[in-house]
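The values are calculated or read from the model by the stated rules, or taken from the named source; none is laboratory data. The shown structure was predicted, so the numbers you read here are calculated from the model rather than taken from an experiment. Every residue, glycine among them, receives a Cβ derived from its backbone with ideal geometry; neighbour counts consider all protein chains shown.
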Amino acid sequence: MIKQKRVKVKQAILPFVLEKTYEIITPLVGRQIAAYIHYYNTKRLHSAINYLTPEDMLLGRAEERLKERDRKLREARAARLEQFNKFKTTLIAKPNLSNSR
């Protein structure tokens, strides 16, 4: 008899606990999924679409983004070349011959 009462109590409480837990967890999970979908569509770069976001493609900003990327790459290459040339001239600089022994 005692075991039957315990089983009945567990069976009566368990659905209530699961139902309340589901109500608490569901909004949190929903917000997390929505946040990931937003990140996936607006921030994450996709290799299949030339490392752009789906939002850029959908809103027609692909050409603008690609031109901006090319401009930044050209500027970075020019800066690296200038830095390398400065470094190269310091290596090739003539030694100071004014010091006599």
Exercise. In the list Lys5, Lys88, Lys67, which residue meets the criterion of being at pLDDT below 90, of a type in the set (Lys, Arg) and surrounded by 10 or more Cβ atoms within 10 Å (Cβ to Cβ)?
Worked result: Lys88
Problem set entry | Residue pairs meeting the criteria (Cβ under 6 Å; at least 6 apart or on separate chains; first under 20 Å from His38 (Cβ atoms), in region 48-71; second among the small types (Gly, Ala, Ser)) | Leu52/Ala62; Asp56/Ala62
